[in-house]
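Worksheet: one structure, shown below.
Please treat every number below as a calculation from the coordinates, not as lab data. The structure presented is a predicted model; accordingly, all values stated were derived computationally and were not measured. Don't worry about glycine lacking a Cβ; one is built from the backbone with ideal geometry, like all the others, and counts go over all protein chains shown.
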Amino acid sequence: MTDDKPLILLIEDEPQMRRFLRVTLQSQGYRLIEAETGEDGLTQVASRKPAVILLDLGLPDMDGLDVTEKLREWTSTPIIVISAREQEQDKVRALDAGADDYLTKPFGADELLARIRVSLRHLARQESGQEEVIFDAGTLKVDFSKRQVFRNGEEVHLTPIEYSLLTILIRHADKVVTHAQLLREVWGPRQANQVQYLRVYMAQLRQKLEDDPARPVFFLNEPGIGYRFRSSD
Ligand code: CA
């Protein structure tokens, strides 16, 4: 095993969960370090500089939400929150505090590995500083330089709000974006509770850009949390 494999920090107190994650990640060649408490996790992020952090929300010494807030004061390392069903509300708060994505227990190895790949991809793009001019997801294409959107090769007219929503979702492609985050970015901080706006505009985007709006392949709903734009599988 070489040193250039991404280093992943797991902050999780449950031994069984740690064992499952250890086996899964090491089988894919990732290097793994572990912390059982929030305090130890924070220390290890600073000293070991992992590429991705997997963070359990229910830790013995502190809340995963507090860990997220503390980390976001100084680092943008991707954080994937691991939560139990009863932590649904905290999960949204952690995402709004700057976590990148989430997994709800129990989850499968494939789901975990897909989330990690997405985080690493975003990280690589951030570090290279490259802005995409053309976004291409098969039937859907966007030319950012000309603000043009195409479905199956035909230009589709979007309103400014629809276009703005689409570009935010594409910028966060394959990661969840919370309702509050979308509302803040498109309508401003005072509209952060107007989830019904989003439903209306998301329905319009599906109508215009999905082959079958009733079975969306791009604009996926994450119930109670937000939306995820799927650009790949
Ligand atoms: Ca726990």
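Some points to look at:
- Qualifying residue in segment 170-187 (condition: within 30 Å of residue 16 (Cβ to Cβ) and hydrophobic (A, V, I, L, M, F, W, C)): yes
- Within segment 74-83, one or more residues are closer than 24 Å to residue 232 by Cβ, polar (S, T, N, Q), outside any helix (DSSP H, G or I) and away from the ligand (no atom under 16 Å from the Cβ).
- Each residue in segment 183-216 was checked for being assigned to a loop (DSSP other than H, G, I, E, B) and either surrounded by 16 or more Cβ atoms within 10 Å (Cβ to Cβ) or charged (D, E, K, R) (or both), and 6 of them qualify.
- Only residues that are crowded, with 22+ Cβ neighbours inside 10 Å, among the β-branched types (Val, Ile, Thr) and within 16 Å of the ligand (Cβ to nearest atom) were counted in segment 1-60, giving 2.
- In segment 187-213, the residues that are touching a residue at least 40 places away in the same chain (Cβ under 8 Å) form Cβ pairs under 7 Å with partners that are surrounded by 14 or more Cβ atoms within 10 Å (Cβ to Cβ) and not in a helix (DSSP H, G or I), at six or more places apart or across chains, as follows: 205/219; 208/156; 208/158; 209/140; 209/151; 209/156; 209/218; 211/139.
- Residues of segment 61-73 that are free of Cβ contacts under 8 Å to residues at least 40 places away in the same chain and within 16 Å of the ligand (Cβ to nearest atom): 61, 62, 63, 65, 66, 68.
- Residue 70, sole failed condition from (1) within 16 Å of the chain's Cα centre (by Cα); (2) crowded, with 16+ Cβ neighbours inside 10 Å; (3) of a type in the set (Lys, Arg): (1)
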